[in-house]
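Read through the structure below, which is laid out as structure tokens, and then see the notes.
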Amino acid sequence: MVNVDEAIIAKYEYCGEHFEILVDPDLAAEFRNPDGQDVAIEDLLAVEEIFKDSKKGDKASEEAMLKIFETTDPIEVSKVILEKGHVQLTAEQKRQMQEDKRRLVINKISREAINPQSGLPHPAQRIENAVNEGKVKFDPFVSVDQQVQTALKAIKPLIPIRFEKVKVAVRLPGSSAGGAYSAIHHFGEILNEEWQQDGSWIGIVEMPGGLQDDFAAKMAEISSGEAETKTIK
């Protein structure tokens, strides 16, 4: 629980009623981040009190809370304030959260999209350059998936790109196949698999197009260079 002196204010106004809570700035930001980890309300509150004016120490009336939230439970009320209200983030917090979201979006696009002209992934730097050129703005409180779509609209006029899944055939020596299973599932779904008479394992793996090069490199690493991979058109 954060010290009151280090807490920031989260506000919510509805039907002429005003509510405030005192919260840990970092945990409150994490709570509101749609791509972040779950944060317990109890952990981010400085005090389990709902205020009408936190600076004056004026508490919200139970009548007002029942009218708006249909409960006086400070945990339940705080959850609504955080989800629907406004959190006074510091400028540095907001800048860092925007940069974190920017990196997540670029990484997702570079992992899952391909250049339809070549069928190959775009390097992450090319995606980043296009995002910069397209002047894409990132909102720390909007999910990665939503902002990926926003970014794609901005960069499609700049580079040929689309999201596409590909099928990759892989052959592994029997000595490596067993240990490769967890790694393969990290990349995609095994559609077909078969053990060969020579003890080797072959499979067809469906994965986001941007992962095919990383997949080939991982299979080579696991098998000490003996793996064979081929993208199926």
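The values are calculated or read from the model by the stated rules, or taken from the named source; none is laboratory data. Here the structure is a predicted model, which is why all the values come from computation and not from measurement. Methodologically, a virtual Cβ is constructed for each residue, glycine included, from the backbone with ideal geometry; neighbour enumeration extends over all protein chains shown. The protein model used for the area step is the full one, side chains on, heavy atoms only, and it has no ligands, DNA or RNA in it. Shrake-Rupley method; radii C 1.70, N 1.55, O 1.52, S 1.80 Å.
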- Item | Of all accessible heavy-atom area on region 37-129, the percent that carbon and sulfur account for (1.4 Å) | 44
- Cut-off 12 Å, label 7 Å out along Cα→Cβ of residue 142, residues of region 89-125 by amide N: 102
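For residue 206, what is the net charge nearby, where nearby means another residue's Cβ is under 9 Å from its Cβ and Lys, Arg count +1, Asp, Glu -1?
+1
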- Computed [θ] at 222 nm, helices only, for the chain once each DSSP H run of length n ≥ 4 contributes -39500 (n - 2.57): -13000 deg cm²/dmol
- Measuring from a point 7 Å past the Cα of residue 159 along Cα-to-C-beta, which residues in region 203-233 have an amide N at less than 13 Å? 210
- Message: If the reach is capped at under 19 angstrom between alpha carbons, list the lysines near residue 153, excluding any in the same chain fewer than eight residues apart.
- Response: 101, 108, 135, 137
- Between residue 113 and residues 5 or more places away or on another chain, which pairs have amide H atoms under 5 Å apart, with H built 1.01 Å from N, and which residues are they? 210
- Task: Count neighbours as other Cβ atoms within 10 Å of each site's Cβ, and list the trypsin sites (Lys or Arg not before Pro) in region 21-97 that are DSSP loop with at most 12 such neighbours.
- Result: 55, 56
- Note on the structure: Checked against the positive end of the charge dipole of region 1-158 (+1 on Cβ of Lys and Arg, -1 on Cβ of Asp and Glu, about the Cα centre), the farthest of 143, 106, 120 is 120
- Can you list, bin by bin at 5 Å, the percent of alpha carbon pairs in the chain, starting at 0? 1, 6, 12, 12, 10, 9, 9, 9, 8, 8, 6, 4, 3, 1, 0, 0
- Summed residue charge, Cβ within 11 Å of residue 192's Cβ, Lys/Arg positive, Asp/Glu negative: -3
- Formal net charge of residues neighbouring residue 102 (Cβ-Cβ distance under 13 Å; K, R +1; D, E -1): +2
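Heavy-atom accessible area per residue, the chain, 1.4 Å probe: how many Å²?
With all protein chains present, the chain gives 57 Å² per residue.
Decide, for region 134-233, between rounded, prolate and oblate: order the square roots of the alpha carbon gyration tensor eigenvalues as a ≥ b ≥ c, take rounded if a/c falls under 1.5, and otherwise choose prolate if a/b is larger than b/c, else oblate.
On the way: a/c = 3.09, a/b = 2.61, b/c = 1.19.
Here region 134-233 falls in the prolate category.
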- Which residues qualify? For residue 200, with a placed amide H closer than 5 Å and at least 5 residues away or on another chain, they are 174
- Item | Cα-based equivalent ellipsoid of region 177-233: semi-axis lengths in Å, sorted from largest, via gyration tensor | 17, 13, 11
- Would you please give the FRET efficiency between residue 38 and residue 226, computed as 1/(1 + (r/R0)^6) with r the Cβ-Cβ distance and R0 = 35 Å, to the nearest 0.05? 0.25
